[in-house]
Amino acid sequence: MVGWSSSERKIIRSVWEKISIAEVGPQALASCLIVYPWTQRYFGAFGNLSSVSAIMGNPKVAAHGMVVLAALEIAVNNMDDIKNAYAKLSELHCEKLNVDPDNFRLLADCLTIVIANKFADDFGPEVQAVWQKFLAVIVSALSKQYH
Ligand code: HNI
């Protein structure tokens, strides 16, 4: 069971409140598809992913990036039970979508890079460490139902 200090909780909330889902979600998913092209294999129904500009301009990528990022709010609102809060989504990614769970961390890292760039001075080492702990717990929860 992961513990959170009150300062960690405050940091997570403050980062989350600053994130624009509509802006950061598409950028994070697009980065992941560009930097780790093998992740494209799960998005065969998304149309043209054949180049950086195709990925950046693909409305399905943008829409799905928002869906994924919005789902982080589940963790923000269930800090003390992140594992159970993602049980259904973990099952979906494992059993229906057959997503290799290693990819969760890749997307999480892309997200961290996008917000580190965006928030710059407000994303110092302490904030980054807490944020990455938060994402690591989410990644672990999403990987939990794999067997
Ligand atoms: Ni993911 C669908 C959340 C990582 C591939 N994903 C979803 C949905 C949510 C979601 C929410 C919509 C579920 C529904 O329709 O009920 N995904 C998350 C979260 C993370 C994540 C919170 C990590 C932080 N997903 C990934 C990764 C991949 C991925 C890393 C593949 C590389 N996800 C998918 C695919 C779908 C999906 C594929 C179905 C998309 C569609 O619309 O067909």
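Assorted remarks:
- ALA70 vs. criteria touching a residue at least 24 places away in the same chain (Cβ under 8 Å) and crowded, with 16+ Cβ neighbours inside 10 Å: no
- For PRO59, the stated conditions do not hold, so it cannot be described as over 21 Å from TRP38 (Cα atoms), free of Cβ contacts under 8 Å to residues at least 24 places away in the same chain and either more than 9 Å from the ligand (Cβ to nearest atom) or crowded, with 17+ Cβ neighbours inside 10 Å (or both).
- Of the residues making up region 1-41, those that are in a helix (DSSP H, G or I), surrounded by fewer than 16 Cβ atoms within 10 Å (Cβ to Cβ) and among the hydroxyl-bearing types (Ser, Thr, Tyr) are SER6, SER7, SER14.
- When ASP109, ASP121 are screened for being exposed (fewer than 14 other Cβ atoms within 10 Å of the Cβ) and assigned to a helix (DSSP H, G or I), only ASP121 passes.
- Counting only residues that are away from the ligand (no atom under 13 Å from the Cβ) and part of a helix (DSSP H, G or I), region 132-147 holds 1 of them.
- Flag if PHE104 is closer than 20 Å to LEU69 by Cβ, part of a helix (DSSP H, G or I) and under 10 Å from the mean Cα position of the chain (by Cα): yes
Values in this text are rule-based calculations from the coordinates and carry no lab data. In this text, all values refer to a predicted model and were calculated from it rather than measured experimentally. As a convention, Cβ positions derive from the backbone with ideal geometry for all residues, glycine included, and neighbour counts pool all protein chains shown.
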